[in-house]
Amino acid sequence: MLLPLLVLGFWLSARHEADRFAHHSVLADARITGSDLGCLGAMGSPSSTGVGWRNAIRYDIAIPYAGGVHLTRVTRPCDVIPPDFGRGRGYIWVEYDVDHPDRVRVQGDPTADARVRWLWQLLVTVLAAEGFVLLWRRRQSTAVAPAPRR
């Protein structure tokens, strides 16, 4: 009975994050201050060179925030290519939550919406399985036992 509640909590959290990006985000031209070698190739394409060891690349970025600069990190899946790289080499377009600037994603990254759909499907599956188990247990407990022999 704990698993459906756990999946429900993850789904609600994912919905909240997707909603924040959809309705409370700001587009910013972030300066890249560092990155790892998550995926390499032409514009980060995972199939162009085969170099790199993960399916995403992490950038350390500086974004303008509240009259100053906020330093944070953003992860870009290798298959997500931003519309362009901001002002040029060393910059990338990102979206961040106006109330929580560490909640940031590369512009055009559909991961938050995909996570909501995937967790919804998982929640429906877990609830169906839990319902099946509960019905099976109920049927087993109400089965008529044979009368004792004398």
Of the residues in the range 126-144 that are over 30 Å from LEU12 (Cβ atoms) and open to solvent by 80 Å² or more (accessible area, probe 1.4 Å), the one that is modelled with the lowest pLDDT is VAL144
Take the range 63-109 and flag every residue that is open to solvent by 80 Å² or more (accessible area, probe 1.4 Å), of a type in the set (A, V, I, L, M) and at pLDDT 85 or above. VAL69, LEU71
When you scan the range 2-24, do you find a residue that is assigned to a strand (DSSP E or B) and either over 30 Å from GLY131 (Cβ atoms) or at pLDDT below 90 (or both), even just one? no
Within the range 11-30, count every residue that is out of contact with any Pro (no Cβ under 9 Å at 6 or more places or on another chain) and buried (at least 16 other Cβ atoms within 10 Å of the Cβ). 8
Taking the range 110-125 as the search range and keeping residues that are hydrophobic (A, V, I, L, M, F, W, C) and closer than 18 Å to ALA56 by Cα, which one is surrounded by the most Cβ atoms within 10 Å (Cβ to Cβ)? ALA112
Take the residues of the range 105-140 that are under 30 Å from PRO82 (Cα atoms) and basic (Lys, Arg): which is nearest to the chain's Cα centre (by Cα)? ARG115
Is there any pair with a first residue in the range 7-23 that is basic (Lys, Arg) and a second that is open to solvent by 70 Å² or more (accessible area, probe 1.4 Å) whose Cβ atoms are under 9 Å apart and which are 6 or more apart or on different chains, and what are they? ARG15/TRP120; ARG20/ASP99; ARG20/HIS100
Tell me, please, whether a residue that is touching a residue at least 24 places away in the same chain (Cβ under 8 Å), more than 16 Å from ASP29 (Cβ to Cβ) and not charged (D, E, K, R) can be found in the range 88-95. no
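The values are calculated or read from the model by the stated rules, or taken from the named source; none is laboratory data. These figures come from a predicted structure and were not determined experimentally. Ideal geometry is used to build each Cβ from the backbone, glycine not excepted, and the neighbour counts take in all protein chains shown. Ligands, DNA and RNA are stripped out before the accessible areas are found, and what is left, the full protein with its side chains, is counted by its heavy atoms. Shrake-Rupley method; radii C 1.70, N 1.55, O 1.52, S 1.80 Å.
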